[in-house]
Amino acid sequence: MDLLTIGQIINTTLVFATALIFASLGGIFSEKSGVTNLGLEGFMVFGAFAAGIGAHYAQEAGMGGTTSAWMGILCAVVLGVVVSLVHAVASITFKADQIISGIVINFLAAGSTLYLVKLLFEGAGDSPLVQGFNKLNIPFLENIPLLGEAIFKNVYPTTYLAILFVFLTYYIMFRTPFGLRLRSVGEHPSAADTVGVKVLRYRYIGVMISGALAAIGGAVITLTTTGTFSHNTVSGQGFIAIAAMIFGKWNPIGAFGAAVFFGFSQAIRNYVQMFEWTQSIPQEIIYMLPYMLTLIVLVAAVGRSSAPSALGEAYDPGKR
């Protein structure tokens, strides 16, 4: 395998990992605040839907491809925040089971988005094709052997944005008063409340940020790899993002590494048939690889990952 092929595999890995990075970072914000978020899949579906619809109507209004794509991202963020409030109100205010609430979000996303697409586009099963984001080439850097082909040539701007958000999330979470308070309400909410931290407020903020970031992850899929939204656009990547978050031990850097690992498992299926020894492997097995690895990683992570102490526990100020 030559350097060009290796660079292309890394490049494709980053394309697939980008959505997972955004969604896993969103999960970190929610779960660090103490709210379990199994609704990442649903938030991604809503984001993919909003991006496809928003970009389509933006293009219909005469906006250029790149501008309409960013409008799609904005629409995804808005819808992600709105839907996250459903999870927040149920889990935080009404103290409903957080796991069930997340599952409800997933079912709600699957059913409502497909219905709305059919309603808006005369029974069509998917939204109209949109131009989405164009790939970038970084002058001079694109000529660097291996690295140029891997990360500086034919790269979507959303990939760079995702990497930026990894470091931004790490800084916010571990280097700012906001991050300290957010983590405190997920570890020891009673103690945080005692020193004046508004536990419910910070949990609401954590869930809302989670919805926004996961929705961006879904939007990235629509605006880069598919160009349209349909019922199988996300295809379980929200659950893979949850696995990345757990495997990364609720740390932004760790989640990034896990997302890249899962992105590689999706990218390699595009290249694996280049090798003679893979010709006898059924194609179905190759396409199952990302999901098989997700299960293996989750099983391996059991007992080794340390979740926030108060994760999944509803907070009652009267029981301090």
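If you go through segment 95-109 and keep only what is open to solvent by less than 60 Å² (accessible area, probe 1.4 Å) and either assigned to a helix (DSSP H, G or I) or hydroxyl-bearing (Ser, Thr, Tyr) (or both), you end up with Gln98, Ser101, Gly102, Ile105, Asn106, Ala109.
Within segment 155-171, one or more residues are open to solvent by less than 40 Å² (accessible area, probe 1.4 Å), among the aromatic types (Phe, Trp, Tyr) and not in a helix (DSSP H, G or I).
Anything in segment 117-148 that is outside any loop (DSSP other than H, G, I, E, B) and either surrounded by 13 or more Cβ atoms within 10 Å (Cβ to Cβ) or under 22 Å from the mean Cα position of the chain (by Cα) (or both)? List them, or say none. Scanning segment 117-148 gives Val117, Lys118, Leu120, Asp126, Leu136, Glu142, Asn143, Leu147, Gly148. Close contacts from segment 259-273, counting a first residue that is more than 13 Å from Leu293 (Cα to Cα) and a second that is of a type outside the set (Val, Ile, Thr) and not in a helix (DSSP H, G or I), with Cβ to Cβ under 8 Å and a gap of 6+ residues or different chains, come to Gln273/Gln279. Taking segment 234-254 as the range and being open to solvent by 10 Å² or more (accessible area, probe 1.4 Å), at pLDDT 95 or above and not in a helix (DSSP H, G or I) as the test, the residues that pass are Trp250, Asn251. Given the condition closer than 26 Å to Phe256 by Cβ, of a type in the set (A, V, I, L, M, F, W, C) and more than 14 Å from the chain's Cα centre (by Cα), answer yes or no: does some residue in segment 86-96 qualify? Within segment 86-96, one or more residues are closer than 26 Å to Phe256 by Cβ, of a type in the set (A, V, I, L, M, F, W, C) and more than 14 Å from the chain's Cα centre (by Cα). Within the set Ala219, Ala192, the sole residue that is more than 20 Å from Gly80 (Cβ to Cβ), open to solvent by less than 50 Å² (accessible area, probe 1.4 Å) and either part of a helix (DSSP H, G or I) or basic (Lys, Arg) (or both) turns out to be Ala192. Note on segment 195-204: residues that are open to solvent by less than 60 Å² (accessible area, probe 1.4 Å), aliphatic (A, V, I, L, M) and within 14 Å of Ala88 (Cβ to Cβ) total 1. Scanning segment 298-320 for residues that are in contact with a Ser or Thr (Cβ under 7 Å, 6 or more places away or on another chain) and modelled with pLDDT under 75 returns a single hit, Arg320.
Filtered by the rule that a residue be open to solvent by 40 Å² or more (accessible area, probe 1.4 Å) and modelled with pLDDT of 75 or more, segment 282-292 gives Pro282, Glu284, Ile285, Tyr287, Met288, Leu289, Tyr291, Met292.
Taking first residues from segment 7-28 that are surrounded by fewer than 24 Cβ atoms within 10 Å (Cβ to Cβ) and partners that are among the charged types (D, E, K, R) and part of a helix (DSSP H, G or I), the Cβ contacts under 8 Å between residues at least 6 apart in sequence or on separate chains come to Gly7/Glu149; Gln8/Glu149; Ile10/Glu149; Asn11/Glu149.
Taking the criterion of being among the basic types (Lys, Arg), surrounded by 19 or more Cβ atoms within 10 Å (Cβ to Cβ) and over 21 Å from Ala23 (Cα atoms), the only residue of segment 172-189 that qualifies is Arg181.
The values are calculated or read from the model by the stated rules, or taken from the named source; none is laboratory data. Just so it is clear, the structure is predicted and the values come from calculations on it, not from any experiment. When we count neighbours, we look across all protein chains shown, and the Cβ atoms used for this are built from the backbone with ideal geometry, even at glycine. Accessible surface is based on the protein model in full, side chains and every heavy atom, while ligands, DNA and RNA are left aside. Shrake-Rupley method; radii C 1.70, N 1.55, O 1.52, S 1.80 Å.
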